[in-house]
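Below you'll find the structure, written out as structure tokens, and then a few comments.
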Amino acid sequence: ESGSTLNYREQLWTAHLSALNLTEWLIGKPFGSGYLIHLTGYMREITPHSAYIQTIIRCGVVGAVFVVIFVLIIIRQCSRKKYIWGTAMCLMLLVFWYPYSYNLYDSIGFAFILKSFRLNRGEMLNE
């Protein structure tokens, strides 16, 4: 459907990603460089509405891979410690980040999960 939100987002993501050169694909654009793209015949300053695309733009594919690996490590640790709520939340975020950008609530959720690990002595990294 041409007027759907998903169709618009796909156009938005394509415009953002097609504006990147090879170096930006690998390591990203500088923070603060904005989100200026050519979309529907106009130059627009608009966020990508996808945490994955946003991470690729800011940190490159390298950074996006690290973010996903970080979340997968947390999922593994939550599963080992039987923190079903933490596993569920991380899986939810991996899905949520496809059509939406990062927000404050993501950070609060991760803070609760990490606090529950009690990282005082590197407990998560030593297992």
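Here are the numbers for this structure:
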quantity: Residues that are surrounded by 12 or more Cβ atoms within 10 Å (Cβ to Cβ) and basic (Lys, Arg), drawn from the range 58-109; calculated: Arg58, Arg76, Lys81
quantity: Which numbered condition Tyr35 fails, given (1) hydroxyl-bearing (Ser, Thr, Tyr); (2) touching a residue at least 24 places away in the same chain (Cβ under 8 Å); (3) surrounded by 12 or more Cβ atoms within 10 Å (Cβ to Cβ); calculated: (2)
quantity: Boolean, Cys59 is free of Cβ contacts under 8 Å to residues at least 40 places away in the same chain and either of a type in the set (Asp, Glu) or more than 16 Å from Ile27 (Cβ to Cβ) (or both); calculated: no
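Rule-based calculations on the coordinates, nothing more; no lab input. The shown structure was predicted, so the numbers you read here are calculated from the model rather than taken from an experiment. Ideal geometry is used to build each Cβ from the backbone, glycine not excepted, and the neighbour counts take in all protein chains shown.
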